[in-house]
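Notes follow once the structure below has been shown.
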Amino acid sequence: MPIEKEDGHIPDASGVYQIRCKRNGKIYVGSAVNLRVRWDNHRRDLRRGSHCNPYMQNAWKLYGEMNFELLVLEYVDAAKLLEAEQRWIEQTGCTDSRVGFNVKLQATSAGQGIARAWTGFRDPSGRPVVIVGLSDFCGRHGLDYRSMHRLAMGRSKLKSYRGWTHTNSVRRRDYVKTYEGFVDPDGKLAAPIRNLAEFCREHGLENSHMLAVANGRIVSHRGWTHVRGKKRLLPLVHKGFIAPGGAVVRITNLSAFCRACDLCVVHMHELKSGKRPSHKGWTWKHDADRAFLHEPSRD
């Protein structure tokens, strides 16, 4: 007997399922490593009109989504899915067109490549991986199925997807570039980084910013620098600012000073360039000199 309905909770578990059309009573039997992801994939393809099973697609179009439900027939360990699916196909008779939508007499473990072994993938660390059930694998690991499928089919315009590569990629190259010369926030030379994108994900860094550091476009990113990167300039010392009380103030870090004193750094720079006479009582020494020279005599 079915043990869970579509309007209940479909778990992230492996098992055999049945999709039933309430209007004509016909069923489709399949299996999946992840039942929830598989049901989501079925509905996505049916809504788009691109489902691999034309009989269920026609019924969906005729009766509408509200007349379809998924029922879990049996929770099964992933290694025994084919055996369990075959047993349910024979038990339900779903390959009979009067009973169900299934076309194949033999279980294919969730159809549409769910249990197909995909070879040629390399994970973000560069290790070869054989993926059994690409769609479910992507659902469990937060990957986009279409992007991974394009890599495997040799139709991707990208070198990789989230660090994953495939031997069929159109843009063939050495796996990934190794970066040497990064210096960590403690000032220690980091070991060569084989996969910069994966390294950044693991350390909470932005890949584009680290590339900019390595290429000398910026000095540092979150404390990381590069031995051949852009060097930090000596801090500029501003010696001519005059406080509201008349004292000449020497400022080393103007931005930090303005934040601490509730001043606008742009306006303070305009004081220095002569574009502005004062800002919240602050002046620059040449402004003060001009103001003094043009002050009318009190005699």
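Does D12 satisfy the criteria of being in contact with a Lys or Arg (Cβ under 9 Å, 6 or more places away or on another chain), modelled with pLDDT under 90, charged (D, E, K, R) and not assigned by TED's automatic domain parsing to the domain that holds D144? So D12 passes the test. Output the residue which, of all residues in region 23-43 that are buried (at least 24 other Cβ atoms within 10 Å of the Cβ) and not aliphatic (A, V, I, L, M), is farthest from G139 (Cα to Cα). Step by step, filter region 23-43, then rank; the result is Y28.
Only residues that are at pLDDT 90 or above and either assigned to a loop (DSSP other than H, G, I, E, B) or not aliphatic (A, V, I, L, M) (or both) were counted in region 246-258, giving 5.
Considering only residues of region 44-73 that are among the acidic types (D, E) and either part of a helix (DSSP H, G or I) or on the phi > 0 side of the Ramachandran plot (or both), which is surrounded by the most Cβ atoms within 10 Å (Cβ to Cβ)?
To start, the set of residues in region 44-73 that are among the acidic types (D, E) comprises 45, 65, 69.
Applying the additional criterion that residues be either part of a helix (DSSP H, G or I) or on the phi > 0 side of the Ramachandran plot (or both) yields 45, 65.
Numbers: D45: 17, E65: 10.
For region 44-73, the residue satisfying everything is D45.
Would you confirm, using the coordinates I've provided, whether T225 is within 30 Å of H203 (Cβ to Cβ) and modelled with pLDDT of 90 or more? Yes, satisfied. Residues in region 127-159 that are at pLDDT 85 or above and small (G, A, S): G142, S147, A152.
Please specify each residue of region 75-96 satisfying the condition of being acidic (D, E), buried (at least 17 other Cβ atoms within 10 Å of the Cβ) and outside any helix (DSSP H, G or I). Correct list: empty.
Which of (1) touching a strand residue (DSSP E or B) at 6+ places or on another chain (Cβ under 9 Å); (2) modelled with pLDDT of 85 or more; (3) in a loop (DSSP other than H, G, I, E, B); (4) more than 22 Å from S14 (Cα to Cα) does N168 not meet, given it meets every other one? N168 satisfies all of (1) touching a strand residue (DSSP E or B) at 6+ places or on another chain (Cβ under 9 Å); (2) modelled with pLDDT of 85 or more; (3) in a loop (DSSP other than H, G, I, E, B); (4) more than 22 Å from S14 (Cα to Cα) except (2).
Results for (1) at positive phi; (2) in contact with a Gly (Cβ under 6 Å, 6 or more places away or on another chain), shown as yes or no for each residue.
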| residue | (1), (2) |
| --- | --- |
| F137 | no, no |
| G163 | yes, no |
| D184 | no, no |
| A197 | no, yes |
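The selection criterion, being more than 38 Å from the chain's Cα centre (by Cα) and assigned to a loop (DSSP other than H, G, I, E, B), holds for L263. For region 189-226, filtering for residues that are in contact with a strand residue (DSSP E or B) (Cβ under 6 Å, 6 or more places away or on another chain) and assigned to a loop (DSSP other than H, G, I, E, B) leaves 1.
Scan region 231-253 residue by residue and report those that are small (G, A, S) and surrounded by 10 or more Cβ atoms within 10 Å (Cβ to Cβ). Across region 231-253, the qualifying residues are G240, A243.
The values are calculated or read from the model by the stated rules, or taken from the named source; none is laboratory data. Because the structure is a prediction, the values reported are computed rather than measured. Neighbour counts are summed over all protein chains in view; Cβ atoms, including those assigned to glycine, are modelled from backbone coordinates with ideal geometry.
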